[in-house]
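The values are calculated or read from the model by the stated rules, or taken from the named source; none is laboratory data. Predicted model only: the values in this text are computed from it and were never measured. Here the Cβ positions follow ideal geometry from the backbone for every residue, glycine too, while neighbour counts run over all protein chains shown. Note: areas computed on protein heavy atoms with side chains; ligands, DNA, RNA excluded. Shrake-Rupley method; radii C 1.70, N 1.55, O 1.52, S 1.80 Å.
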Amino acid sequence: MVRAIGLLEPGGPQLSALRLSRALRPHGIETRMLAGDATPAGLEIARAHGFEVEHFAEVRGLEREPSDAFATWLADRMAGADLVHGHMFGAWWAAARAAPARVPVVASEHTAPRWRGRAHDDAASSAAARLSCFFGHGPETRAWAARVGVPGDRIIAGESPLDGLHAAPQRDLPRPRITYAGRFSGDKGPDVLVEALGMLAEPPATFLLGDGELRAPLEHRVAALGLEDVVRFSGWQAHPERYIAGATVHVVPSRQDAWSQSAVLAMGLAVPVVGTAVEGLPETLGANRGIVVPPEDPRALAAAIGAVLAGLCDVDIAGARSYARRYTPERIAARYASVYRSLVGAGSPAVRPAA
């Protein structure tokens, strides 16, 4: 199969695609990895998973832009493919145009698109009927797919495989400690966590695992709040589970998050999770598997973190661990392999995307 990724960089959707591709090998499914754009760190992560990735161009934004040039480039690399799976709108839109008529095209979206400028719902609609399957990793994503015209019987829940569910903590880490793992971007809300830390009387060591465009503003705000001895910018970590394991609380302060791999990783490591009531997080943390607070509310977030630190929250840790174990690479790969084989056997939809 060909797997096309809109933007290959350190991030949850990219790691999910790489882990899935690696776990499919025992099922006899080999993957050729292509990308619209790729950062040096993204290419290095792919190599660590056993994949050399060819990328179209160093043009930021292809994950959310329809590009005829990217589609033409993909078409030249489809030889021998039995199936094409595009991750992020720009990739599956291009794949829908590039793939031969006999080849099924699969799409994945981890969050409902938030267009940076001009909306591309019409472009998505033009490709929707060509999709044999749409994996939506959250309720808003699946609802968006239906709105742009993906047939309802082709929209199914996407799932992300997780590594590190049996990790031991790194030995030199303090306890108590708070952890956050994710991009330093507005949708992930690390700035909300920093504000919440400033409201705690005695915040413990807090490890921010990740990087991104908000790093400099976060560093300035940490300094302004006098939290330099509390907050540790640990950079992007290939094995965040070593920091999360043994933590007192893991925080997911997102403004937009369909599911949250870091939340489920923490759940699998028996670490209480405080997350926000956005998209799919209330379902992930439901049934007392975690604690849910309103988004954009540092005071509520601080109160929940403080309650966990004080031992006042009775989270169902066993239930959380049981939930997380559903997302091992072996289990997710078996499911996707079954879907892929059924699609290859059935062939692709007859409808071609509109010009």
Problem set entry | Sites matching GluC sites (Glu not before Pro) across the stretch 44-89 that sit in DSSP coil, with at most 16 neighbouring C-beta atoms within 10 Å | E52, E58
Seminar exercise, completed: Taking 0.36 nm per residue of separation between R325 and Q170 and subtracting their Cα-Cα distance, the length gained on full extension comes to 53.6 nm
Seminar exercise, completed: GNM of the chain, Cα pairs under 10 angstrom: of S132, S322, S262, the biggest fluctuation goes to S322
Exercise. Can you give the convex hull volume of the alpha carbon atoms of the stretch 184-335 per residue, in Å³?
Worked result: 110
Seminar exercise, completed: Computed for the chain: size of charge dipole around the Cα centre, +1 on C-beta of each Lys and Arg, -1 on C-beta of each Asp and Glu, debye to nearest 20, value 920
Problem set entry | the chain, helix-only ellipticity at 222 nm - DSSP H runs n ≥ 4, -39,500 (n - 2.57), divided by all residues, nearest 500 | -10000 deg cm²/dmol
For this session: Could you look at the chain and say what percent of its accessible area is carbon and sulfur, using a 1.4 Å probe and all protein chains?
Result: 51
Seminar exercise, completed: Farthest towards the positive end of the dipole of the stretch 265-355, among I332, V315, V271 and with Cβ unit charges of +1 on Lys and Arg and -1 on Asp and Glu, lies the Cα of I332
Exercise. Any idea which of H166, S132, A57 is furthest toward the positive side of the dipole for the stretch 25-181, if Lys and Arg beta-carbons carry +1 and Asp and Glu beta-carbons -1?
Worked result: H166
Problem set entry | Convex hull volume of the chain per residue (C-alpha atoms, cubic angstrom) | 129
Problem set entry | Highest-fluctuation residue, A324, A38, A287 considered, GNM on the chain with Cα pairs under 10 Å | A287
Seminar exercise, completed: The distance between the Cα centres of the stretch 159-232 and the stretch 13-81, in whole Å, is 29
For this session: Would you mind working out the accessible area per residue for the chain, using a 1.4 Å probe, and quoting it in Å²?
Result: 40
Exercise. Shape call for the stretch 60-166 from the C-alpha gyration tensor, a ≥ b ≥ c root eigenvalues: rounded (a/c under 1.5), prolate (a/b greater than b/c) or oblate?
Worked result: rounded
For this session: Mind telling me which of R183, R116, R326 comes out most flexible in a GNM of the chain, alpha-carbon contacts under 10 Å?
Result: R116
Exercise. Expressed as an acute angle from 0 to 90° and rounded to the nearest 10, what is the orientation of the C-alpha long axis of helix 329-346 relative to the principal long axis of the chain?
Worked result: 20
